[in-house]
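See below for the structure under consideration.
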Amino acid sequence: MNTTEKIREIAKQLLTDKKVDLVVGFAQGSLPLRSTPYFARTPEQADNLIWSATCENNLANFVRKRSDKVAVIAKGCDVRAMVALIKEGQINKDNLTIIGVPCQGMIDRKQVCEAIGCQEILEATDNGNELILKGKGFEKTLAKEDVMFVSCKTCQYNTPVIFDELIGEALPGKEANYDDIAAFEALSPAERNAYIAKEMSKCIRCYACRQACPMCYCSECFVDCGAPAWIGKGAQRVDDNALFQTVRVLHLAGRCVDCGACERACPMGIKLSLLNRKMVKDVKELYGAEAGVNLTDPPALSTHKFEDKEDFML
Amino acid sequence: MIINKNEIAGILTKLAEEYRVIAPVKKDGLVQYAAIKNGEEACLDYANTKKPGKEILFPQSEELFNYTVSAEGVRMQDNVDKEATIVFGMRPCDVKSLVLLDNVFKNDQYTDVYYLTRRANTLIVGLGCNEPASTCFCTSMACGPFAKEGSDIFLTDLGETYFIEGISDKGKELLAKLGLSAASEEQKAAAAKLQTETKADGSINIEGLAEKLGGMFEHPFWDSLHEKCLGCAACTYLCPTCHCFDIADEAKDCEGCRVRNWDACMFPLFTLHGSGHNPRPGGKARWRQRLMHKFNYFVERYNATACVGCGRCIKNCPVNLDIRQALAEVRALD
């Protein structure tokens, strides 16, 4: 039985037995290389659930603040987000059933686009390690690992850290890899500034990054506040766009689970995970903490210990 | 008339001496409209620009006027943009969107001097689509890959050459100045064949849709449509016909400006009242508004659907909420 079949079977059973009111997972999307979040409420609807290397969205977004009993089909990063949200009182663990799926990484359509000269893909087949892409007058085979999201390439938690049921075999964890951030840190301040300014000049302030982020749930975002207006509302000023991201990243310090949902959602292709991952790396180095890796550690910036480093104090 | 593709860059460079020339250009991996000085920058081999053509007449952020306050009183300076502009190589869906937006910015209740001044000073060179993308459904939306409505000049790609037609008087005048050669009968026939035979997904039938939606305000359909929506505004900001905006004053000390920024019905803040009440409190009401505005309210008010079938909302939605499927579901309802 493949992963999709197992997901359907478990979902169907949970719904038939009325153990849950809803199963949140993925259904086939309307475009090649696309899945879409799906909400199954009946055993029949469970037949629409699928699993593939295109299930890129972080489903933790859809289980926050729910009063019904929910099961969720979750990858490693989704579960990390849910663990962090449980600790922040945003998810009631008693009402949540996690059907964990060890994840080998999701396909980044932007990288696929670049690899095939951005020709239109009309048909995509996944044969395990490779993607076979067909369009008008072309057929191309790509190795999946070459076109994975950066966040997937560096993911250390492919297997969900907690689950009620795990589908398939657990995958070995990977070593931490912050080479991309180290390269960024090695740039001069002027170069870093120029890089960020270039990325931020693309921003259209659609807030897809914020909305896709499972940890971004302030009841009022500072950018939406009109009195006082903390920030210019337009997208024409690169500094304001950068300020928005800076504050977002700071609000996520010690909370970001490095899932990459922000970058995946950005329609303009802004490299947002760089900023978030820089903060993730800093928090790890300064506090030895990672968000959402277990249910016991308190969030890094919500606690203090006597042995905390104080080298930032004068 | 006819023009060799390799002559285009030279002509654009020359036109840029006299006009502001805006064309699609490839920048940072995205195709976007930008003012160019050198015709070589223009990228006419593209399916759709990332941001829609509306931003040329209705910029995402626009300083309407500046003001200073002093002991003598208040001084104001408007920023109406009067620069003569040529938009070169705009796809028919984006051109059609401007025809639709004209209704919004000039009607019996309101005349928008900023938009209309730009409109009057802008000449549009449309470019037909030989190969519409699979996400394009313009043929279903009273538009089409070779729809000429709104273009002053229209280009049809014949491979090595473009077949050029003057559509409006303004367009014909400019063409007369360029002194191009006449097209052969063969070229005319090739262009006519492309123009009549090219279609972009005609599977969405909007006949009777507005009336049907009119009776659906309380339908349970809306309860689930929005469920996977994240509530971002990628669909609206990248939509060529969405036109909601907010106005803010940005001031420092005694100087300031009034800015018009794009806003979106997908944001809760868009309808939040000063009292704290929000008449569209959740995704359900907001998605209903978005669909109804495009396919019912706009039709009632201006007798046209506020969608041109460009497919940007489909391609760019972070959760693949496909408006074609939503419309098909509406049609399938009893």
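Long hydrophobic helices in chain A: the complete DSSP H runs spanning 18 Å or more by Cα along their own axis with mean Kyte-Doolittle hydropathy of at least 0.0 are A:238-251. Give the shape of segment B:190-238 as rounded, prolate or oblate, defined through the alpha-carbon gyration tensor: a ≥ b ≥ c are the square roots of its eigenvalues, a/c under 1.5 means rounded, and otherwise the shape is prolate if a/b is larger than b/c and oblate if not. Verdict is oblate for segment B:190-238.
Residues in segment B:245-334 average 44 Å² of solvent-accessible surface per residue, probe 1.4 Å, ligands and nucleic acids excluded.
Averaging the sequence gap over all C-alpha pairs within less than 8 Å and six or more residues apart, then dividing by the number of residues, gives segment B:2-197 a relative contact order of 20 percent.
Summed over both chains, the accessible area lost when B and A associate is about 2900 Å², using a 1.4 Å probe. Ligands, DNA and RNA left out, the 1.4 Å accessible surface of segment A:159-206 is 54% carbon and sulfur atoms. Taking 0.36 nm per residue of separation and subtracting the current Cα-Cα distance, fully stretching the chain between B:LYS177 and B:GLU329 would add 49.6 nm. All other residues whose Cβ lies under 11 angstrom from that of A:VAL223 are scored, Lys and Arg at +1 and Asp and Glu at -1, for a net of +1.
Where the accessible area of segment B:2-197 is counted over protein heavy atoms with a 1.4 Å probe, how much of it, in %, is carbon and sulfur?
Using a 1.4 Å probe with all protein chains present, segment B:2-197 comes out at 50 percent carbon and sulfur.
Within the listed set A:ASP258, A:ASP224, A:ASP239, the Gaussian network model of chain A (springs between alpha-carbon atoms below 10 Å) gives the highest mean-square fluctuation for A:ASP224. Ranking A:GLU88, B:GLU17 from most to least accessible surface, computed with a 1.4 Å probe over the protein chains only, gives B:GLU17, A:GLU88. Summarising the amide proton neighbourhood of A:GLY135: residues at separation of 5 or more, or on other chains, whose placed amide H is nearer than 5 Å comprise A:LEU122.
Interface residues of segment A:266-291, defined as a loss of at least 20 Å² in heavy-atom accessible area between the chain alone and the complex of all protein chains with a 1.4 Å probe, are A:PRO267, A:MET268. For B:HIS277, the accessible surface of its heavy atoms amounts to roughly 100 Å² (probe 1.4 Å, protein chains only, rounded to the nearest 10). Sites listed here are trypsin sites (Lys or Arg not before Pro) in segment B:1-60 whose DSSP assignment is loop and whose Cβ has at most 12 other Cβ atoms within 10 Å: B:LYS37. Ordered by solvent-accessible area of protein heavy atoms (1.4 Å probe), largest first, the residues A:ASP297, A:ASP146 come out as A:ASP146, A:ASP297.
Taking the 1.4 Å solvent-accessible surface of segment B:209-332 as the whole, the part contributed by carbon and sulfur is 53%. Legend: residues in segment B:110-152 shielded by at least 20 square angstrom of accessible surface upon adding the remaining protein chains to the isolated chain (1.4 Å probe, heavy atoms) are B:GLU131, B:SER134.
Apply the a/c threshold of 1.5 to the C-alpha gyration tensor of segment B:209-332 and tell me whether it is rounded, prolate or oblate. Cα axes put segment B:209-332 in the prolate bin. Using R₀ = 51 Å, calculate the FRET efficiency as 1/(1 + (r/R₀)^6) where r is the Cβ-Cβ separation of B:ARG75 and A:ASP282; round to 0.05. It comes to 0.60.
Can you tell me the accessible area per residue over segment B:2-197, all protein chains present, probe 1.4 angstrom, in square angstrom?
46
Accessible surface computed residue by residue for chain A, with neighbouring protein chains in place and a 1.4 Å probe, gives 47 Å² per residue.
In loop segments of segment B:44-93 as defined by DSSP, the GluC sites (Glu not before Pro) with at most 16 further C-beta atoms inside 10 Å of their C-beta are B:GLU72, B:GLU83. Counted by Cβ distance under 13 Å from A:LEU243, the other residues give a net charge of +2, where Lys and Arg count +1 and Asp and Glu count -1.
Reported to the nearest whole Å, the Cα centre-to-centre distance from segment A:134-207 to segment A:1-17 is 30. Our note on the geometry: Cα centres of segment B:57-136 and segment B:146-169, 22 Å apart. Kindly provide the trypsin sites (Lys or Arg not before Pro) of segment B:80-120 that DSSP labels as loop, not H, G, I, E or B, and whose Cβ sees at most 11 other Cβ atoms within 10 Å. Answer in residue order: B:LYS82. Annotation for segment B:267-319 versus segment A:241-314: alpha-carbon center distance of 34 Å.
Look at the Cα gyration tensor of chain B: its axes a ≥ b ≥ c give a/c of at least 1.5 with a/b at or below b/c, and that counts as oblate. For A:GLU130, the solvent-accessible surface computed with a 1.4 Å probe is close to 80 Å², ligands and nucleic acids excluded. Positive contributions from Lys and Arg (+1) and negative ones from Asp and Glu (-1), summed over other residues with Cβ under 11 Å from the Cβ of A:LEU274, come out at +1. Of the beta bridges in segment A:1-144, as assigned by DSSP with both residues counted there, near 70 percent are antiparallel.
In segment A:38-61, what residues drop by 40 Å² or more of accessible area when the other protein chains are put back, versus the chain on its own? Use 1.4 Å, and skip ligands and nucleic acids. Residues of segment A:38-61 that lose at least 40 Å² of accessible area once the other chains are added: A:PHE39.
The values are calculated or read from the model by the stated rules, or taken from the named source; none is laboratory data. Please read these numbers as outputs of a predicted model, since none were measured by experiment. Cβ atoms come from the backbone with ideal geometry, glycine included; neighbour counts cover every protein chain shown. Just so you know, the surface numbers come from the protein's heavy atoms only, side chains and all, with ligands and any DNA or RNA stripped out. Shrake-Rupley method; radii C 1.70, N 1.55, O 1.52, S 1.80 Å.
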